[in-house]
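Computed from the coordinates by the stated procedures, all read-outs in this text should not be read as laboratory data. Here the structure is a predicted model, which means the values were calculated and not measured. Reconstructed Cβ throughout: ideal geometry from the backbone, glycine too, with neighbour counts over all protein chains shown.
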């Protein structure tokens, strides 16, 4: 085997149950007594998915948030979470983790139902897991597949803030107070569960943006058997992002490949435009059409109508989501 | 904080939802539309819960089995599992893991629904997690609490085989072929889901024996607010165990504190004796009354009617089950 892709291929061979959705989606969708249960499990590893000196409370928040983001992409209402925690004997870190976990549980209105704590060998990095279970309406659980030629492609909120925040932290910037919004976007992502539920009836495909707008759009294209065109100049940037990184083709390319946005990316038929606008208004968020779906395959990138070569890296591929 | 107990206390402070059962049980029990969903998540860490040179297929089997054991203790029918897998680049190991996982999924008739794979930093031990979801009958999901004075205490199968197998492996014994049953008991535990479902209507409390008969009995005593008396001389030993370890007070004390049995431990009113015997007969297993419940608190150990001091160590405490 050459790595993660091969292992996921082995898992796909085992996951033949329809609820697994071929391991091509953000979550599993289990039909039970006319109700759709949405199940997801994400892990984060110290030094891989978070920085060893990230505040423990923020690590806890992020662990919950990334799983809530998967539920949001399915339009699901969270029912509970199970925690898999690695004890390393760092009691202050663990106390702060518990505080951040409590804040995240309250913030997303989801109860802690159980889990497991394990002792790690001395010096080993922490590996943390969280399972989330949610409830979604019958028959209407969006998937990554389903985008049709002619559909519009939307994103929620702004793109690239978390990536800019991470970049600042990695460079050891000291002007955190002036650009705090970008660091907060990285450390305390805020997936919008209510928005996911409001949008679910109107979308043809939906996913969360965890690894980068471009790579997640490419996954929708692949799962849907269509091509997705993204207009780089339409990608919404925050004022904080522009203040920090400027508004250039280069900064926009960094935004759409940065990952950690935890925004929603979805396709919808143009006849749904008023419904989409209504959902945005009810949830008090901005939704932006950033592209369209067409016959063909793969991803195509435009800037002011001009076709651009795809960047060598569309986003993060370190994460091998099985659901 | 002084360690795991303190962290679990923090988690208990967060887990106020009734489905969490105060984090005192083998699993969470979520009531949903008149159906009881049973949720459990267990992790295993290389060098802590399994030996680094244990065969990868056996590690996969064990990861599934320990979670199935939690479902069995709730009388639940498994609906699916989610895997959290650590990639380390050891492709042969990962292929064998996938093979063993497939065997376990088939063996326990449970589908793989999804999960996550993460890359570990070089040299880090593997941390593997599995979440299992099951369905249990309404209103009748056994807990650790519920044992009443006068109830009999039973175990399924034989006790101590896995511990004897682990001890042989740790001592590097070469006579594995003659005592293969003990090694198999350690490496491929076989929790009995059908037995759990058959017993659930008749028990007053039920748990699986994961950390040692004595420590798991003490947890039932604590959760039930009663005392549990265990008769050491009634604890059922296998022929393979006796051939290897003999049948002495010492070998029996090692059996009841060894852990990894993944048998069922339960209490039942004496009026249920015929029902219990019927369930045993239908499932083709042996159930043995090894003690009784009385007013008071804590655990008491007898051997041939003589009260024994409790061993300093009742079982494994490295595992901090939150559900």
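When the chain is fully extended, how far beyond the present Cα-Cα distance does residue B:297 get from residue B:148, taking 0.36 nm per residue of separation? Write down the numbers at each step before the final one.
Details: separation 149, 0.36 × 149 = 53.64 nm, distance 1.13 nm.
Taking residue B:297 through residue B:148 to full extension adds about 52.5 nm, to one decimal.
Take each residue in B:102-111, count the other chain C-beta atoms within 10 Å of its C-beta, and the mean is 2. As a proxy for reagent exposure, ranking B:206, B:24, B:11 by other Cβ atoms within 10 Å from fewest up yields B:24, B:11, B:206. Could you list log10 I(q)/I(0) for chain A at q = 0.07, 0.09 Å⁻¹, which the Debye formula gives when each Cα is one point scatterer? Listed by q, the Debye log ratios stand at -0.26, -0.44.
In terms of other Cβ atoms within 10 Å, A:87, A:214 run from fewest to most in the order A:87, A:214. Rounded to 0.05, the FRET efficiency of the residue B:92 and residue B:171 pair, given R0 = 30 Å and the Cβ-Cβ distance, is 0.65. Here the peptides B:185-193, B:163-171 are ranked by packing, the mean other Cβ count within 10 Å, and the order with the highest first is B:185-193, B:163-171.
In this simple spin-label approximation, residue A:109 and residue B:12 carry label points 7 Å from Cα along the Cα→Cβ vector, and these lie 2.9 nm apart. Let me know the shape class of the stretch B:6-61, please: from the alpha-carbon gyration tensor, a ≥ b ≥ c as square roots of the eigenvalues, rounded when a/c is under 1.5, otherwise prolate if a/b is greater than b/c, or oblate. Oblate shape, in that a/c is at least 1.5 and b/c is the bigger or equal ratio. Peptide A:78-88 has a mean shielding of 6, counted as Cβ atoms of other protein chains within 10 Å of each residue's Cβ.
Is the C-alpha gyration tensor of the stretch A:1-134 telling us rounded, prolate or oblate? Criteria: a/c under 1.5 is rounded; beyond that, a/b larger than b/c is prolate, otherwise oblate. Let's see the in-between values first.
Working: a/c = 2.30, a/b = 1.32, b/c = 1.74.
In terms of gyration-tensor shape, oblate.
Divide the volume of the convex hull around the Cα atoms of the protein assembly as shown by the residue count and you get 149 Å³ per residue. Model label sites at residue A:274 and residue A:286, defined 7 Å from Cα along the beta-carbon direction, differ in position by 2.5 nm. Taken residue by residue and averaged, Cβ atoms of other chains lying within 10 Å of the Cβ of B:33-41 number 5.
Per DSSP H run of at least 4 residues, take -39500 (n - 2.57); add these up for the protein assembly as shown, divide by its residues and hand me the 222 nm value, nearest 500 deg cm²/dmol. Provide the component values of the computation, followed by the final result.
Working: 20 runs with 219 residues, N = 646.
It comes out at -10000 deg cm²/dmol, rounded to the nearest 500.
Sorting the segments B:115-126, A:250-261, A:270-281, B:245-256 by their residues' average number of neighbouring beta-carbon atoms within 10 angstrom, most packed first, yields A:250-261, B:115-126, B:245-256, A:270-281. Once both labels are positioned 7 Å from their Cα atoms along Cα-to-Cβ, the gap between residue A:51 and residue A:242 label points is 2.7 nm. Mean separation of Cα pairs under 8 Å and 6 or more residues apart, divided by the residue count, gives the stretch B:1-126 a relative contact order of 23 percent.
Got the relative contact order for the stretch A:99-225 handy, in percent, Cα pairs under 8 Å and 6 or more residues apart?
Values: 79 pairs, mean separation 42.9, N = 127.
Answer for the stretch A:99-225 is 34 percent.
Ranked from highest to lowest mean number of other Cβ atoms within 10 Å per residue, what is the order of the peptides A:294-305, A:27-38? Show your work: numbers first, answer last.
Values: A:294-305: 14.1, A:27-38: 20.3.
So the order, starting with the most tightly packed, is A:27-38, A:294-305.
Would you mind ranking A:195, A:14 so that the residue whose beta carbon has the fewest other beta carbons within 10 Å leads the list?
Details: A:195 22, A:14 18.
Ascending Cβ contact count within 10 Å gives the list A:14, A:195.
Over the stretch A:152-308, Cα pairs under 8 Å with separation of 6+ residues give a relative contact order of 43 percent.
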